[in-house]
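Since the structure comes first, as structure tokens, the remarks are kept for the end.
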């Protein structure tokens with residue numbers, strides 16, 4: 001009996017040692033060589049089906065962000081610190097929130113969208129599920145703008161003429177692939193085209209442009225109509241950042257108020273529709289501006305100090321990793337629809 005008791009104690013000790021070793025290995029697996037805890041981000045489903053290969057230490061290898069493990073394997077749900085859900089697939093019922101799974105108490109759910117409320121569908125049923133937001137809103141938990149102006153290391157001193165693309169042949173152009181007669185921008189365009197000539201491109205007018213021809217085509221225009229399809233706070237899309245700034249055409253913007261644009265872009269780098277009392281006045285201003293070389297060139301001064309950077313949302317998610325531990329742990333969006341507006 002005594003011998004049996006001793007063997008029982010030995011067996012219990014061995015069992016305890018094995019369990020402790022497993023826990024220790026699990027703890028070490030989420031610690032880096034510097035003792036900083038790794039965070040795991042799970043992409044529950046890819047936006048529009050556009051997936052990336054997350055093999056290896058993706059965030060570190062691609063963007064220089066250590067201690068951030070990004071995966072898209074739904075079986076790792078219980079191990080994820082953060083789970084990102086893209087809104088479009090949810091509202092179209094191509095994906096569902098995993099409310100049937102045992103969600104860890106410390107796990108945070110992120111609502112991702114780059115669209116305006118007009119295109120986000122009915123998000124009222126999502127109330128109370130999401131902890132953080134990842135959108136173009138400046139007050140989003142994970143700020144994900146369509147583009148940013150970044151200061152250069154050194155201000156360039158090259159002549160302003162060298163910063164303006166050569167070979168401009170059209171006064172104004174507009175690329176539109178989401179045309180609707182109900183859009184506010186359509187009414188502005190209809191009035192403006194009676195004042196000045198406007199070159200229109202896009203599938204709607206059977207003048208589609210490819211990725212290779214888009215920017216070269218816009219660069220031949222003095223101005224580009226960076227008109228948003230809907231007007232909401234902070235909603236400033238690739239119309240400004242990619243189509244206008246990257247092509248080298250001066251953007252004529254329509255969207256949120258000028259204050260929203262000035263919060264993210266240099267105030268002398270664009271022309272806002274709201275600055276004019278009438279559309280006719282806007283058209284005449286553009287016509288006269290082209291005739292004044294120095295005045296037109298002044299809209300390119302920002303290029304001496306800044307450059308435009310457009311980041312993929314995945315890169316922004318990786319860069320967010322170091323902030324996860326300092327984020328509010330108990331935040332919940334109980335009125336997601338109200339917040340987005």
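Quick note: the coordinates plus some simple rules give every number you see, no bench work behind them. If you're wondering where the values come from, they're calculated on a predicted model, not measured in any experiment. Quick reminder, even Gly has a Cβ in these numbers, built from the backbone with ideal geometry, and neighbours come from all protein chains shown.
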On average over all directions, what projected area in square nanometres does region 212-270 have, based on the convex hull of its Cα atoms?
3.7
Can you put 318, 59 in order, fewest other beta carbons within 10 Å first?
318, 59
For residue 341 and residue 170, extending 7 Å from Cα along the Cα-Cβ vector and measuring point to point gives, in nm, a value of 3.7
Using a 10 Å cut-off around each Cβ, can you sort 133, 307 from fewest to most neighbouring Cβ atoms?
307, 133
Evaluate the relative contact order of region 148-309 (contact order divided by residue number), counting alpha-carbon pairs under 8 angstrom at least 6 apart; express in whole percent.
31
One computes Rg over Rh for region 148-309 from alpha-carbon atoms, with the Kirkwood Rh, and obtains 0.94
Label-point separation in nm, residue 94 to residue 154, each point 7 Å along Cα→Cβ:
4.7
Region 214-328: projected area of the alpha-carbon convex hull, averaged over directions, in nm²:
9.3
Exposure proxy check: 78, 106 ranked by fewest other beta carbons within 10 Å?
106, 78
Who wins for biggest fluctuation among 330, 170, 312 in a Gaussian network model of the chain, springs between alpha carbons below 10 Å?
330
Taking only C-alpha positions in the chain, Rg and Dmax in angstrom work out to 26.1, 106
Residue 177 versus residue 72, label points 7 Å from Cα toward the beta carbon: distance in nm?
2.0
How many percent of DSSP beta bridges within the chain run antiparallel, rounded to 5?
15
Picking from 141, 157, 178, which is most flexible by a Gaussian network model of the chain using Cα springs under 10 Å?
157
Most mobile listed residue (329, 181, 47) in the chain, GNM with C-alpha springs under 10 Å
181
Most to least packed among 95-104, 197-206, 228-237 [average Cβ atoms within 10 Å]:
228-237, 197-206, 95-104
